[in-house]
Amino acid sequence: MRIVRPASIHPSLCRARPWAVLVAASALCVLLPAPASAGANDAPLLECTGAVKQTYTPGLHVLPRFVTYKGTIEYKSCVGDREITSGTYRETLEYIASCTVNGGPSQATIRWNNGQASELKVVGVEADVVGNVQVFTSVGNVASGRYSGHAVNIVTALPKLSSLADCLTPSGLTSVQGSSTLTIVGL
């Protein structure tokens, strides 16, 4: 969980003229995120949970090399849209990666249970370690198809590599499995 701290007011503002303080305070209200509320418009348009499997060919090593990455997420439980109950996320990338440097912008397709699809454009923005789990957060948008124009957030939890043992073997790290949550936000 990321903690957002409120912005502090610089001491020089306290010595400013009253109208300057009012302008500065108004600017802070515009720039700071609004607190979460329980309104109906704040609910996600769609939220799905599922299992992820990632493969690397050839396997990842400590030093970067050119690999083919295939990622599949089977979202089995979707809520928020009566038509959508499940979906399959697939992406294939060819890029330079290693066990220590991996990720970046990507495009993926989700095929929904009703036969429709969504094309996503996402970028990995953060990786955190929570206990024995690495949590990767990606954000982006639905570029086309169902939910076009909406924002998307994907959180993937994978077992933490307690050692680089797989990365040091001749075959390298070839696959990893975990869980994922996808959220599509209404406009």
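The values are calculated or read from the model by the stated rules, or taken from the named source; none is laboratory data. Only a predicted model underlies this, so the values are computations on that prediction, with no experimental measurement involved. Backbone-built Cβ (ideal geometry, glycine too); neighbour counts: all protein chains shown. Accessible surface areas use protein heavy atoms only, side chains included; no ligands, DNA or RNA. Shrake-Rupley method; radii C 1.70, N 1.55, O 1.52, S 1.80 Å.
If the condition is being of a type in the set (D, E, K, R) and touching a residue at least 60 places away in the same chain (Cβ under 8 Å), then segment 64-121 contributes no residue at all. Every condition in (1) modelled with pLDDT of 85 or more; (2) exposed (fewer than 14 other Cβ atoms within 10 Å of the Cβ) is met by L93 except one, and the failing one is (2). Residues that are in a strand (DSSP E or B) and not β-branched (V, I, T) within segment 128-146 comprise D128, Q134, F136, S138, G140, N141, A143, S144, G145, listed in sequence order. Somewhere in segment 98-114, is a residue more than 15 Å from T72 (Cα to Cα), open to solvent by less than 70 Å² (accessible area, probe 1.4 Å) and modelled with pLDDT of 95 or more? Yes: segment 98-114 contains one or more residues that are more than 15 Å from T72 (Cα to Cα), open to solvent by less than 70 Å² (accessible area, probe 1.4 Å) and modelled with pLDDT of 95 or more. Determine, yes or no, whether G87 is open to solvent by less than 50 Å² (accessible area, probe 1.4 Å) and touching a Lys or Arg at 6+ places or on another chain (Cβ under 7 Å). Judged against the criteria, G87 is a match. The set of residues from segment 57-79 being under 20 Å from the mean Cα position of the chain (by Cα) and among the aromatic types (F, W, Y) comprises Y69, Y75. If only residues of segment 153-183 that are of a type in the set (G, A, S), open to solvent by 60 Å² or more (accessible area, probe 1.4 Å) and at pLDDT below 90 are counted, the one that is nearest to E47 (Cα to Cα) is S162.
Counting only residues that are in a loop (DSSP other than H, G, I, E, B) and touching a residue at least 40 places away in the same chain (Cβ under 8 Å), which one in segment 147-186 is farthest from E74 (Cα to Cα)? Ranking the candidates gives T169 first.
T57 meets each of the listed conditions (1) open to solvent by 60 Å² or more (accessible area, probe 1.4 Å); (2) within 21 Å of L173 (Cα to Cα); (3) free of Cβ contacts under 8 Å to residues at least 40 places away in the same chain apart from (3). Within segment 127-141, none of the residues are more than 16 Å from V52 (Cβ to Cβ), of a type in the set (S, T, Y) and modelled with pLDDT of 75 or more.
Of all residues in segment 116-152, those satisfying the criterion of being of a type in the set (A, V, I, L, M), open to solvent by less than 30 Å² (accessible area, probe 1.4 Å) and in contact with a Lys or Arg (Cβ under 9 Å, 6 or more places away or on another chain) are A117, V142, V152.
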